[in-house]
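What follows is one structure encoded as structure tokens, with my remarks underneath.
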Amino acid sequence: MSVSSKEELNQLPAAPSICFECMRDSEDDSLKLLRCTTCKNEFYCSVACQRKAWKQHKHNCSLLPIKELEYPEVLDATKAQEMASEVQRVADVLYKWELASQAKRDDKDFDPAEMNENEDILNLKLQPPYDQASYTRLPSGHQTHKYRTNIMLISRFLTIQFMTPSPSRTVEAIDAVQRSFADLAMPRGADYAQVWGPKIACRPGDLSPGEYALLASIWNIMTVDEWSVGSAEPGGERQFATVEEKAFAMRFVNLGLMYNALWDVE
Ligand SMILES: [Zn+2]
Ligand SMILES: [Zn+2]
């Protein structure tokens, strides 16, 4: 697997031919679409369309300074271990939440918003410097902040750790994930952020609320290899030596399940 060259990383996201707001086809009209100057990942046929789209797009728009994209610094073994311990702590809380919801899921009257384990999510404080981010605006359609800010901070932290090179997480491995993000075609809809692989790999701590929300919902698909490796059956679930190991490997799956259960709760 080749590592992305700097030139590859610094290519701008490709322009489509359709305006993201009004769906006008620029090829039919031999029109040049305007690129969002901040994220460089959304395209409009006119300033009027860009203005109209901003109400939603502001939640999904994060800076892409294209000339400076580089992978984050490689962590030494000690720093990587410290970060992995913090991830383990978060993964344990997610796992405990998932076990509790699994036990109740067959109950027709079960409302995941009323689980006691949600308090652990609300009270989960990340260690510095991962506690620094705060978000006042969340993707539209989500009026209350009760679980969402913490879900987003967890999504952000897990993304940072996953995309930070270390002795156990090589640039080549990150490169592979970056490529799969770059190839990912998300359905174009009002609720989705556009994702751009190099940005997620190179600026994992600087994404928008919409991007972290999207990652929380799709990380389990992107990283499924992490936990299915070693399974006896193709596509089967891997056997884990310890509960902690399982919690760690399933962290993105459990985040995705929690996201689906709690994100839309009013
Ligand atoms: Zn338009
Ligand atoms: Zn933008």
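The values are calculated or read from the model by the stated rules, or taken from the named source; none is laboratory data. Just so it is clear, the model here is predicted, and its values are computed rather than measured. So basically every Cβ, Gly included, is an ideal-geometry build from the backbone, and we count neighbours across all protein chains shown.
Residue by residue, here is whether (1) away from ligand 2 (no atom under 16 Å from the Cβ); (2) modelled with pLDDT under 90; (3) among the charged types (D, E, K, R) holds:
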{"site": "GLN11", "(1), (2), (3)": "yes, yes, no"}
{"site": "PRO16", "(1), (2), (3)": "no, yes, no"}
{"site": "CYS19", "(1), (2), (3)": "no, no, no"}
{"site": "GLU27", "(1), (2), (3)": "yes, yes, yes"}
{"site": "CYS36", "(1), (2), (3)": "no, no, no"}
{"site": "LYS52", "(1), (2), (3)": "no, no, yes"}
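Condition first: among the hydrophobic types (A, V, I, L, M, F, W, C) and away from ligand 1 (no atom under 13 Å from the Cβ). Now tell me which residues in region 1-35 satisfy that.
Within region 1-35, the first condition is being among the hydrophobic types (A, V, I, L, M, F, W, C), and the residues that meet it are 1, 3, 9, 12, 14-15, 18-20, 22-23, 31, 33-34.
Passing the criteria: MET1, VAL3, LEU9, LEU12, ALA14, ALA15.
Among LEU31, LEU75, which is outside any helix (DSSP H, G or I) and either within 22 Å of the chain's Cα centre (by Cα) or among the hydroxyl-bearing types (Ser, Thr, Tyr) (or both)?
Of the residues listed, the single one that is outside any helix (DSSP H, G or I) and either within 22 Å of the chain's Cα centre (by Cα) or among the hydroxyl-bearing types (Ser, Thr, Tyr) (or both) is LEU75.
Condition check ((1) of a type in the set (A, V, I, L, M, F, W, C); (2) crowded, with 16+ Cβ neighbours inside 10 Å; (3) modelled with pLDDT of 90 or more; (4) in contact with a helix residue (DSSP H, G or I) (Cβ under 7 Å, 6 or more places away or on another chain)) across all residues:
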| residue | (1), (2), (3), (4) |
| --- | --- |
| ALA48 | yes, no, yes, no |
| HIS59 | no, yes, no, yes |
| LYS67 | no, no, no, no |
| LYS108 | no, no, no, no |
| GLY141 | no, no, no, no |
| LEU153 | yes, yes, yes, no |
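Could you tell me which numbered condition PHE43 fails, if it satisfies all but one of (1) more than 16 Å from ligand 1 (Cβ to nearest atom); (2) surrounded by 19 or more Cβ atoms within 10 Å (Cβ to Cβ)?
(1)
Please go through region 216-266 and pick out each residue that is modelled with pLDDT under 85, in a helix (DSSP H, G or I), of a type outside the set (Phe, Trp, Tyr) and in contact with an Asp or Glu (Cβ under 9 Å, 6 or more places away or on another chain).
SER228 - this is the single residue of region 216-266 that is modelled with pLDDT under 85, in a helix (DSSP H, G or I), of a type outside the set (Phe, Trp, Tyr) and in contact with an Asp or Glu (Cβ under 9 Å, 6 or more places away or on another chain).
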